[in-house]
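Heads up, the thing below is written out as C-alpha cells.
The values are calculated or read from the model by the stated rules, or taken from the named source; none is laboratory data. Not measured: the values here are computed from a predicted model. No Cβ is skipped: glycine too gets one built from the backbone with ideal geometry, and neighbour counts run over all protein chains shown.
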Amino acid sequence: MNKVISSPDPLQRNIKTIVNASLPRRHAAERRFRWYGLIAVSLGLAFVVLMFGNIISKGYPAFWQTYIQVPIQFDPAVIDPQGNRDPQALQSADYAALVRAGMRRMFPAVEGRLELRALYGLVSSDGALELQNRVLQNPELIGAEQEIWLLASANVDTLIKGNIERSLDETERPIKDNQIGWVDQLQAAGQIEKQFNTILFSSGDSREPEQAGIRGALMGSFYTLLITFLLSFPIGVATAVYLEEFAPKNRWTDLIEVNINNLAAVPSIVFGLLGLAVFINFFGLPRSAPLVGGLVLSLMTLPVIIIAGRAALTSVPPSIREAALGVGASKLQMVGHHVLPLAMPGMLTGSIIGMARALGESAPLLMIGMVAFIVDVPKSFTDPATVLPVQIFLWSDLPERAFVERTSAAIMVLLAFMIVMNGLAIILRKRFERRW
Amino acid sequence: MSTTIIEAKANLDNALNAEGRQIPLSSVQITDYDHRQTVGKITVDNPKMICRDVNVYYTGKQALKHVSIDIGANEVIAFIGPSGCGKSTFLRCLNRMNDTIPFCQVIGEIKLDQDDIYDKSIDVVQLRARVGMVFQKPNPFPKSIYENVAYGPRIHGMVDGKAEMDELVRASLERAGLLKEVENRLSEPGTSLSGGQQQRLCIARAIAVNPEVILMDEPCSALDPIATAKIEELIDELRENYTIVIVTHSMQQAARVSQRTAYFHLGDLIEIGETDQIFTNPKHKLTEDYITGRFG
Ligand SMILES: Nc1ncnc2c1ncn2[C@@H]1O[C@H](COP(=O)(O)OP(=O)(O)OP(=O)(O)O)[C@@H](O)[C@H]1O
Ligand SMILES: [Mg+2]
C-alpha cells in the first residue's frame, strides 16, 4: 500500500496507480461475496426441494383411492319388504347386508364367522351409504343386479399402493394372509382399481382413513378467513389512513405506533388465549366456531395490515399530495381521490400476505377449541369447525399409513393455496407498480 | 423590537395549542434575529395581496424575517435570491401550503383582497382555489390528461354536466398552450407527456379552477430551453387574467417575464422594485452582488 504513496501531499498522488493497486483486492471481495450469495441461495433451494420432494412423494398417493368391483343384488326383500317404496323404509334399510351378500357371492367358498368378517373387511363401511344413496336417487334399482365399484378399506388400499410388506409375519401386518389372497384374486380378475380420490375433497374428517377428507377443514378455513378479511381489512386500512394522514404527531400517536409494532411481534398463541378469555368466556361466543377463529386471527392480522398500509401510504410521493391540495382539495379528498387509490395495491399486497399467514396459523385456534374431531362439514360461521393446518396437526398424530398420506396431501393443498395467494400479491404489485 | 418578540412567542404558543400539539413552552426557541430593512417601494397602487411583517419559523428556526410586500393585480412578480433564502417558504405562505408542514409557524398578516388569509374564518380549501400553485417538478396526477384538468372544477362543483366540463377542460388546455398537442389523446395518462408538456398540464390544471393568483415555484427548473421559452410566453399571456408570483433562479427569466422583482437574502427581503431598475440599477449592495454573479 505504501508503495503507491509517493507524495506526502494526498492531492499530489497519482490516483491511477492508487486505484489500480487496490483493484485486485476489490474484485476478489466482489467474487467472494458473489460466491457466498450463490452458496446461500443453493442451500435455501436445496431445503425447499427437499421439503417439497418429501411432502409430494408422501402425499401424492392420497389423491388416488382403491375401489373394489362388487356384484350387488338390490334385493327387494332387504330394501323394501313392504314393496311400497316408502322413503322412510328405503332410508333405514340394511344396505350393509347387500354389501355383505355381494362379497359372499364373489367368494362363495368362504365360511365361518371369522373368515367372513375378514372378507367383509376388504370394503369400507362407506359402501352401505353409497348403495343407500343410489337407491334413494333411483328407486328403479330395487330388484336389479349391478356391478358397483365400492370403496376398499384403508388396509387394502395401503396393500395395493405397496406400502405393506408382504414378507412380514401375519401378526405384524394389519392385513391377514387370507385377505391378501382374496385381494390378489380380485386384482387378477380386474376387479380392483385405483380411482381419483374425490372423497378427499368432498367429505369431512372420519375415523376411517379411507373416508376422511379435507372438505370440513377447507370450509372451516374459508369461513374463518372470510371473517378475518372482513374485519381486519377495513379496520386496518382505516387505522393506517388515520394514523398516517390525519392523526396529530404527538406522544399518544407515538405510543400507539409502538404498540402496533409490538402487536405484530406477539406470538400468535397469545392471541388464542386472549380470544378464549374474551370472546368465549366473556362474550359467550360458541367454542370451535369459525366466527371466533376469525376474530382471533383478525387480532393477529390487523397489525400486519396496518403496518403494510402505512408503508404503502408513505410511499405515495408528497408531490401528488401537494398537487391535490394545490387545486383546493380538502384533506379527505386528497386522501380519498389520490393517496388511497395509489396506496391500495400496496395495502392489498400486505393484506394478502397477512391473510396467507392467517391461513397457515394453527396455534391460536387450538386455544379456542378448533381442534375437535368434527365429521360434519361446517355450514355457517357458528358451526363447530377446524381449519386446514389444524387438520394437518390432527392427522399427523395418527399412525395409519393412509392418514400419513392424507397429512401430506393436506399439506400440499395448503401450500397450493399459499402459493396462489402469494402469487396474487406479486401479480397485484407488478400490475399496479407505478413509477413517478 | 422586544415587544414583538414576546408577542410572536405568545402567538406561536397559542397557535400551537390551538392546533392541539403538545409542545412544552421551553422547547420552542424563538429568536428574532436582526433583520435588514427592505430597500425600495413595497406598496403598489392596486394590490391583490398585501403582506405585512411576515415571519416564518420551522421548529423555532426563523426562515423569514419581517417580510412586507404588496403584490399588484395582474402583475408578474419574481422572487430571486440565493438558495435557502426563503423564497419557496414565502411563496407557500401565500396559499398556506405551509400548513402541511408540521411545526411550521407563520406570524404576520397576509391579505388577499380584503381577507386575512390566516384568519380562522377563511378555509384553506377556498383560499387554495383562489390562489393556485404550480410546483418545481411537474406533478400531474397519475390519471388521464382530461381528469388532471377536470379534477379541480369537479371537486369544487364549478360546472354542470359533461358538456360544460369538456368545454372548461379544452379552454384551460388552450390557455395553457397545450390543447393542440394533446387534443387527440385526452384519455392518455398525464404522466405520459414530456416534462415541458407536463408542466403546462399542471398550469392548465391550476387555471381550470379560475384562480385569482397563480404561484409558481421554479416552474422551469426541470425543463429544457425550448419548453422554458414556451412557459415564459405563457406566463406573459396569463398576466392578462391572473396575478402571477414566480420564484426563479434564472435572472434572465425574471428579467423576461416579470414587471417587479424582489430579492431575498437569508430570510430578509432585501430589495424590491421595478424589474428593469433591479437589474440595471440595484440600490442594495447584496442585490448588486447577486445579480452581477459575485454571490450565490
Ligand atoms: N420543511 C422544513 N423544515 C425545516 N426547515 C425548512 C423546511 N423547509 C425549508 N426550511 C428552511 O427554511 C429556509 C428557507 O427555505 P426555502 O425552501 O424557502 O428556500 P428557497 O429560497 O426556496 O431555496 P431554493 O432556491 O434552494 O429552493 C432554509 O434554510 C431551509 O433549510
Ligand atoms: Mg425553493
**OP:** Inspect all residues belonging to the stretch A:91-102 and state whether any of them is outside any helix (DSSP H, G or I) and within 30 Å of residue A:173 (Cβ to Cβ).
**Re:** no
**OP:** Return yes or no: is residue A:394 under 17 Å from residue A:204 (Cβ atoms) and under 14 Å from the mean Cα position of the chain (by Cα)?
**Re:** yes
Subject >> Conditions (1) under 25 Å from residue B:99 (Cβ atoms); (2) touching a residue at least 24 places away in the same chain (Cβ under 8 Å); (3) of a type outside the set (Ser, Thr, Tyr); (4) surrounded by 22 or more Cβ atoms within 10 Å (Cβ to Cβ): number failed by residue A:329 >> reply: (2)
Subject >> Answer residue from the stretch B:82-102, given it is in a loop (DSSP other than H, G, I, E, B) and within 9 Å of chain A (Cβ to nearest Cβ) and is nearest to ligand 1 (Cβ to nearest atom) among those >> reply: B:102
Original post:
Which residues, taken from the stretch B:126-144, are within 11 Å of the chain's Cα centre (by Cα), more than 7 Å from chain A (Cβ to nearest Cβ) and farther than 24 Å from residue B:185 by Cα?
Top reply: B:131, B:136
Subject >> Single residue of B:246, B:231, B:278, B:272 found to be of a type in the set (Val, Ile, Thr) and either within 16 Å of ligand 2 (Cβ to nearest atom) or assigned to a loop (DSSP other than H, G, I, E, B) (or both) >> reply: B:246
Original post:
So is residue B:170 modelled with pLDDT of 90 or more and within 16 Å of ligand 1 (Cβ to nearest atom) or not?
Top reply: no
Original post:
For the stretch B:38-78, what are the residues that are buried (at least 18 other Cβ atoms within 10 Å of the Cβ) and either within 14 Å of chain A (Cβ to nearest Cβ) or near ligand 1 (Cβ under 8 Å from one of its atoms) (or both)?
Top reply: B:56, B:63, B:64
**OP:** Among what's in the stretch B:196-228 and is within 13 Å of chain A (Cβ to nearest Cβ) and farther than 17 Å from residue B:151 by Cβ, pick the residue that is nearest to ligand 2 (Cβ to nearest atom).
**Re:** B:217
Original post:
Which of the residues that make up the stretch A:301-350 are touching a Leu at 6+ places or on another chain (Cβ under 7 Å) and away from chain B (no Cβ under 14 Å)?
Top reply: A:303, A:310, A:348, A:349
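Residue-wise test of (1) under 30 Å from residue A:160 (Cα atoms); (2) under 26 Å from the mean Cα position of the chain (by Cα); (3) modelled with pLDDT of 95 or more; (4) surrounded by 10 or more Cβ atoms within 10 Å (Cβ to Cβ).
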{"site": "A:17", "(1), (2), (3), (4)": "no, no, no, yes"}
{"site": "A:21", "(1), (2), (3), (4)": "no, no, no, yes"}
{"site": "A:34", "(1), (2), (3), (4)": "no, no, yes, yes"}
{"site": "A:40", "(1), (2), (3), (4)": "no, no, yes, yes"}
{"site": "A:55", "(1), (2), (3), (4)": "yes, yes, no, yes"}
{"site": "A:58", "(1), (2), (3), (4)": "yes, yes, no, yes"}
Original post:
Of the residues that sit in the stretch B:116-128 and are closer than 20 Å to residue B:156 by Cα and among the charged types (D, E, K, R), which one is nearest to ligand 1 (Cβ to nearest atom)?
Top reply: B:128
Subject >> Those residues of the stretch A:203-240 which are assigned to a helix (DSSP H, G or I) and among the basic types (Lys, Arg), in sequence order >> reply: A:215
Original post:
If we scan the stretch A:288-301, do we find a residue that is in the same structural domain as residue A:230 (by TED's automatic domain parsing) and over 22 Å from residue A:230 (Cβ atoms)?
Top reply: no
Original post:
Out of curiosity, is residue B:220 in contact (Cβ under 8 Å) with a residue 12 or more places away in the chain, away from ligand 1 (no atom under 16 Å from the Cβ) and under 17 Å from the mean Cα position of the chain (by Cα)?
Top reply: no
Original post:
Looking at residue B:108, is it surrounded by fewer than 21 Cβ atoms within 10 Å (Cβ to Cβ) and either in a strand (DSSP E or B) or within 14 Å of chain A (Cβ to nearest Cβ) (or both)?
Top reply: yes
